[in-house]
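The values are calculated or read from the model by the stated rules, or taken from the named source; none is laboratory data. Computed from a predicted model, the values in this text were never measured in an experiment. Glycine gets a Cβ as well: all are built from the backbone with ideal geometry, and neighbour counts include every protein chain shown. Just the protein is used for accessible areas: all its heavy atoms, side chains included, with ligands, DNA and RNA removed. Shrake-Rupley method; radii C 1.70, N 1.55, O 1.52, S 1.80 Å.
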Amino acid sequence: MNHYDTIIIGAGHNGLICAAYLARSGQRVLVLEASDTLGGMAAPREFHPGFKTSVAHSVSQFSAKITRDLDLEAHGFKLGKTLTTVGLNDAGEHVVLQDGAVSGVGPDDASAYADYRQMMQRFAGVLNPVWLQTMPRIGNNNLSEILTFASIGLRLRLLGKDHMREFLRVAALPARDLMDENFDSELLKAVLGWDGLIGSRMAPRSPNGAVLVMLYRMSGALSGDHAIPNGGVGGLITSLHSSAVEAGVEVRTGSRVGRILIQADESGLAATGVELADGEQIMADRVVSAADPKTTFFDLVGVQNLEIEFTNRIRRLRCDGYVAKLHLALDGLPAFDGLERPDGRMIIAPDMDSIEFAFDDAKYGESAGQPVMEIVIPSLQDASLAPNGQHVLSAHVMYVPYRLKGGWTDEAREALCERAIDTIARYAPGIRKQILHRELLTPLDLERTCNVTGGHWHHTEFAMDQMLMMRPTYDAAQYSTPIPGLYLCGAGSHPGGGLMGGPGHNAAHEILK
Amino acid sequence: MTNTEDRWAGERLMESHFHPRQAALNLRDAWSSWNGYKFANYYYDAEYEYFCIRNSCGTYDICPMQKYEITGPDAEAMLNRMVTRNIANLKENRVTYVCWCTDEGRMIDDGTIFKLGPEKFMLTCGSPCLAWLRKSAFGFGDVTITDMSDETAALSFQGPASCEVLKKLGLEGIETAKPFDIMHFPFQGGSGKELMVSRTGFTGDLGYELWIAPELALDLWDALYDAGDDYGIHPYGEVATNMARLEAGFIMPDMEFSEALKTIHFQHDQTPFELNLGWLVDFKKPHFNGRRALLQDRDKGPAYKLTKLDIEGNKVAEGAYLYSNRRCTQEIGYITSAMWSPVVKANIALAMIKPEYLEGDIWAEIYYQKELRQYSKVAKCTVKNKPFWRPARARATPPPGL
Ligand SMILES: Cc1cc2nc3c(=O)[nH]c(=O)nc-3n(C[C@H](O)[C@H](O)[C@H](O)COP(=O)(O)OP(=O)(O)OC[C@H]3O[C@@H](n4cnc5c(N)ncnc54)[C@H](O)[C@@H]3O)c2cc1C
């Protein structure tokens, strides 16, 4: 029968999570994925024969509740050991964060770090319930929605007066100010600020949501540490897929949705199914889109079916990505000066200014002259990702604008790739000779390969004006949309992107309400 | 040395394409402004101008009115999503009255859409609306919006003699134009220029609107005034228009409604249902802006309803509060526009009234002045369901006597 309870567009982790919850509650669910692999930006990819990685390369905030609810461990999900975070220094004097302590800095910074970490964990605890909950509608007087507000208020209040005041004070602080207040070591500041900035159009001195981003990333079981699952990030996707399929979900890859079918008659509009790019129509009681909001509303729904002000709010969403992806296939393990084993999450950003300057280039349309980046070697965590004895290096390179002045040409991409490798070679001098193959994906490339507008990490900027009950915009912030039968469940919805699962989880919850 | 440069040049009111003629006739220099144009309040005597509209004919400058040309394969779809009425069935060379709303169903403005070709429309309205049109067009592939406000000369020509004068002007067959029809005529013989005439207006009477290229504006004026000389043709201004439209029961921005994009206070604006424009809202159309909110508003019933009142006595009820009892303890609404209507010979008004009180007594507490002394009275009001003034000639084709 060609009729489903729910069709989900996009088999990223959020689409799979939403599907699994719905199927577990008895729904007949079909997931349609445009590309040939599952996982969206977390999809495992063989970028060179025998060498695999995914765009997203580590997990920091995946929801423990979802792991339990969907029985992911029974389906093979296992996080490897927590990665140390290493701030690389070209003299080999690295700053290392491990097991809640920092080394490579002076005693003042070391003790300040303990206090800082405690503070941030306390604040993360306040926000924790927010991420797995539907946000209240603005102006709605529904009791349960008021209670959501009230419970956040109460948790804040329970912090006690001093901590509450401090929370309210730092919440919108630029990363730079927060770090300057707490630490002396420039490298430590850069490393700690990193997680507040990566993926956003934000630099250390930008006021906005950097602190909230950090707290969001501390929401999972790892309290903000990073790990790589067995099988790489793709391992998470494999387990989600397996759990979803066991619950009865049908998944079809290579099935690009061309448009969402909207029934239009005297009773108004309603989403009734989808039409694939090849013309096949599949009907359902509801359609849930894990594609980004611009793709969903402009390409799949069409503005003629939307309200004018709503359309223009979606239009103004900031979706330009600023992170490029570098993948290297290496014929051996690279040696980083002063590191015994490059098995941590290595950050190349000597100080906060270097991040700021890299952003300055990008904000005027150039790709960073001196890129800053985060590197992992996933094949050290899971040997199956590269042929025996060989390795994969994966790097998130910032800041690289989606809209490059003069456009993204092969030369521009190549020049950036060269600069990125040069930068790495400053810390791992022998690496050039080890490179068997290299690949650099600009945000424009990511847009094309991952089907995400702007190649944006969070589908759309994770910033104060685009979060919580404003994500992606009011009238679509509770997963339902102005079109009956159409829902959102991707990173463009609350709480946001990163491998977390909140949007998929919350959307399913709303649909099942 | 004197400085001849006008340091206020950019601040001065613009002059309409008909200004030279209108200025000569504005004996009282009674100017106000509309959309940045110098615009006559009245020319000589507002009452006299009003009687021209009702008894002979008069011209009213609508150059300051906003005019947008909307063209392209997606023009109709774009407009149809914007306005509450279904324009899919609008035929070429026809005009329709429309309104458009915010997502929340609050009225932004009303106006008219002229269908000039399969993919060519003109939208006219009282206030600038380009920003909203641009927002409305976003996402539609092939729509071009051009602001023609300054590049079109437009003159409203209203009154029982208007058709006859147009015939005299040489517009053959103009009497066959039905209300809301558009006709095109060559102007000045073989000049290749055209005069567009629509049977539209804002007076509730027989009348037309004339549309022409700006360089021909004065020629048109002169020809029209020649043709109308024996009929007492006379320009009329804002005051006379306002009288005529109130008798016709038409709404006026800043009197009956606040344009929703300009209000600050939530719900200081109105829905079409409050303004009695429910007939413009076509729920058979699956989607248009504000539909969901308007459906709710319709089902819930509007908070106020625009109502036509006939008020006892002759004291004009301008600004009056309305009550359900003579002691004026239960307030039920307010007057939006009021006048003594010469043609109906009645004390008339438009009012916003809470619908639940429409069946009961309605009393207006009227304040008025006599030789600088303030007086007040409480006058009984009667609800009128039809326009105060709607002569058969306004709709007859051909108009009577032609
Ligand atoms: C360079 C980069 C590095 C990142 N690194 C990390 C990281 O290390 N750790 C981390 O936690 N997060 C990381 N992220 C963020 C994270 O990958 C994303 O936020 C997350 O994958 C979003 O998941 P999703 O399920 O919401 O959407 P996606 O993963 O984007 O999935 C959406 C899916 O919808 C499909 N789709 C779109 N349109 C259609 C259509 N018309 N028909 C059918 N299917 C369609 C797409 O093909 C895609 O598979 C990174 C992001 C980027 C850009």
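Per the listing A:LEU317, A:LEU333, A:LEU261, A:LEU326, the residue uniquely without any contact (Cβ under 8 Å) to a residue 60 or more places away in the chain and under 30 Å from A:ALA420 (Cα atoms) is A:LEU333.
Residues that are touching a residue at least 60 places away in the same chain (Cβ under 8 Å) and farther than 20 Å from B:ILE212 by Cβ within region B:110-136 comprise B:ASP110, B:GLY126, B:SER127, B:PRO128, B:CYS129, B:LEU130, B:TRP132, B:LEU133, B:SER136, listed in sequence order. A:ILE435 meets the conditions (1) of a type in the set (A, V, I, L, M); (2) in contact with a helix residue (DSSP H, G or I) (Cβ under 8 Å, 6 or more places away or on another chain); (3) open to solvent by less than 10 Å² (accessible area, probe 1.4 Å) in every case but one. The failed one is (3). Of the residues making up region A:263-298, those that are outside any strand (DSSP E or B), open to solvent by less than 60 Å² (accessible area, probe 1.4 Å) and within 14 Å of chain B (Cβ to nearest Cβ) are A:PRO293, A:LYS294, A:THR295, A:THR296, A:PHE297, A:PHE298.
Matching residues to (1) open to solvent by 10 Å² or more (accessible area, probe 1.4 Å); (2) away from the ligand (no atom under 16 Å from the Cβ); (3) closer than 25 Å to A:SER58 by Cβ:
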site	(1), (2), (3)
A:GLU309	yes, yes, no
A:LEU326	no, no, yes
A:LEU330	no, yes, yes
A:ALA335	yes, yes, yes
A:GLU340	yes, yes, yes
A:MET346	no, no, yes
A:PRO350	yes, yes, yes
A:ASP353	yes, yes, no
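Any residue at all in region B:3-16 that is under 20 Å from the mean Cα position of the chain (by Cα) and crowded, with 20+ Cβ neighbours inside 10 Å? Looking for residues that are under 20 Å from the mean Cα position of the chain (by Cα) and crowded, with 20+ Cβ neighbours inside 10 Å, one finds at least one in region B:3-16, hence yes.
Among the residues of region B:81-125, those that are open to solvent by less than 20 Å² (accessible area, probe 1.4 Å) and within 12 Å of another protein chain (Cβ to nearest Cβ) comprise B:ARG81, B:MET82, B:VAL83, B:TRP100, B:CYS101, B:THR102, B:ASP103, B:GLY105, B:ILE108.
For every residue, the table says whether it meets (1) crowded, with 23+ Cβ neighbours inside 10 Å; (2) touching a strand residue (DSSP E or B) at 6+ places or on another chain (Cβ under 6 Å).
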site: A:GLY407; (1), (2): no, no
site: A:ILE431; (1), (2): no, no
site: A:GLU447; (1), (2): no, no
site: A:HIS456; (1), (2): yes, no
site: A:MET464; (1), (2): no, no
site: A:ASP475; (1), (2): no, no
site: A:LEU499; (1), (2): yes, yes
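Is there a residue in region A:50-61 that is hydrophobic (A, V, I, L, M, F, W, C), within 12 Å of the ligand (Cβ to nearest atom) and open to solvent by 30 Å² or more (accessible area, probe 1.4 Å)? Scanning region A:50-61, I find no residue that is hydrophobic (A, V, I, L, M, F, W, C), within 12 Å of the ligand (Cβ to nearest atom) and open to solvent by 30 Å² or more (accessible area, probe 1.4 Å), so the answer is no. Please find, within region B:137-159, the residue that is nearest to the other protein chains (Cβ to nearest Cβ) out of those that are under 20 Å from B:ASN35 (Cβ atoms) and open to solvent by less than 10 Å² (accessible area, probe 1.4 Å). Among those residues, the one meeting the criterion is B:SER149. Count of region B:45-99 residues, restricted to those that are assigned by TED's automatic domain parsing to the domain that holds B:GLY111 and part of a helix (DSSP H, G or I), is 8. Within region A:239-262, the set of residues being charged (D, E, K, R) and more than 14 Å from chain B (Cβ to nearest Cβ) comprises A:GLU246, A:GLU250, A:ARG252, A:ARG256.
Among the candidates B:LEU171, B:LEU246, single out the residue that is in a loop (DSSP other than H, G, I, E, B) and crowded, with 17+ Cβ neighbours inside 10 Å. Every option except B:LEU171 fails the conditions. If you go through region A:182-199 one residue at a time, do you hit one that is touching a Phe, Trp or Tyr at 6+ places or on another chain (Cβ under 6 Å) and over 28 Å from A:ALA324 (Cα atoms)? Yes, region A:182-199 has at least one match. Criterion applied to B:ALA244, B:ALA260, B:ALA240 was being among the small types (Gly, Ala, Ser) and either within 12 Å of chain A (Cβ to nearest Cβ) or in contact with a Gly (Cβ under 6 Å, 6 or more places away or on another chain) (or both), and the one residue passing it is B:ALA260. For region A:85-98, the criterion of a residue being among the small types (Gly, Ala, Ser), within 16 Å of the ligand (Cβ to nearest atom) and buried (at least 19 other Cβ atoms within 10 Å of the Cβ) is satisfied by no position.
Just so you know, in region A:305-334 the residues that are part of a loop (DSSP other than H, G, I, E, B) and of a type in the set (Lys, Arg) include one that is nearest to the other protein chains (Cβ to nearest Cβ), and it is A:ARG316.
Elements of the type helices (runs of 4 or more DSSP H) sitting completely within region A:397-513 and holding at least 3 residues that are more than 14 Å from chain B (Cβ to nearest Cβ), within 12 Å of the ligand (Cβ to nearest atom) and within 27 Å of A:GLY258 (Cβ to Cβ): these cover A:443-450, A:502-512.
Considering region B:277-361, the qualifying strands (runs of 3 or more DSSP E), each wholly inside and each with 3 or more residues that are open to solvent by less than 30 Å² (accessible area, probe 1.4 Å), run over B:305-311, B:331-341, B:346-353. Considering A:ASP5, A:ASP36, the condition of being more than 20 Å from A:VAL376 (Cα to Cα), within 16 Å of the ligand (Cβ to nearest atom) and open to solvent by 20 Å² or more (accessible area, probe 1.4 Å) is satisfied by A:ASP36 alone.
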